[in-house]
Amino acid sequence: MSVWQNAGVIFATLVGFLALIGTTCAALVKAGRFIARTGRLLDQLLGHGEGPDRVPGLIERVNGMGDELTRVKAQVLPNGGGSLRDAVDELRKRFDDYVTRDEGGP
């Protein structure tokens with residue numbers, strides 16, 4: 001083999017090796033992103049942190065929404081006097097009585 005042929009083989013080998021390194025680095029970057037996204041997803045599902053900085057997990061947040069929905073529902077539906085709906089109904093009744101009394105005239 002001539003010197004130029006050897007140089008061509010060496011050059012092709014180096015190019016192939018650099019392509020292999022580049023492909024490996026790209027695969028590692030993609031794998032790292034996947035692992036990071038998976039970690040963030042698990043943190044959101046399971047919760048993370050300790051003490052006052054604790055972020056609740058998905059199930060804890062859903063349970064909290066259920067509790068809050070129960071409190072809102074108790075205020076929206078009539079329950080015999082203690083809800084916001086009962087207060088609105090009472091005001092409506094008083095207003096209707098006032099209008100009826102005012103329309104009757106002296």
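Every number here is computed from the coordinates shown, using simple stated rules; none is lab data. Just so it is clear, the model here is predicted, and its values are computed rather than measured. Glycine gets a Cβ as well: all are built from the backbone with ideal geometry, and neighbour counts include every protein chain shown.
Taking 1.002 mPa s as the viscosity and 20 °C as the temperature, the Stokes-Einstein diffusion coefficient of the range 6-102 based on its alpha-carbon Kirkwood radius rounds to 106 µm²/s.
Considering only DSSP states other than H, G, I, E and B, which trypsin sites (Lys or Arg not before Pro) in the range 3-106 qualify as loop sites with at most 15 other Cβ atoms within 10 Å?
Sparse-neighbourhood loop trypsin sites (Lys or Arg not before Pro): ARG54.
Over the chain, dividing the summed -39,500 (n - 2.57) contributions of all DSSP H runs of at least 4 residues by the number of residues returns a 222 nm mean residue ellipticity of -28500 deg cm²/dmol. Screening the chain for whole DSSP H helices with an alpha carbon extent of at least 24 angstrom along the helix axis and a mean Kyte-Doolittle hydropathy of at least -0.5 yields 3-46, 58-76.
Within the range 40-106, the GluC sites (Glu not before Pro) that combine a DSSP coil assignment with at most 14 other C-beta atoms in a 10 angstrom radius are GLU50.
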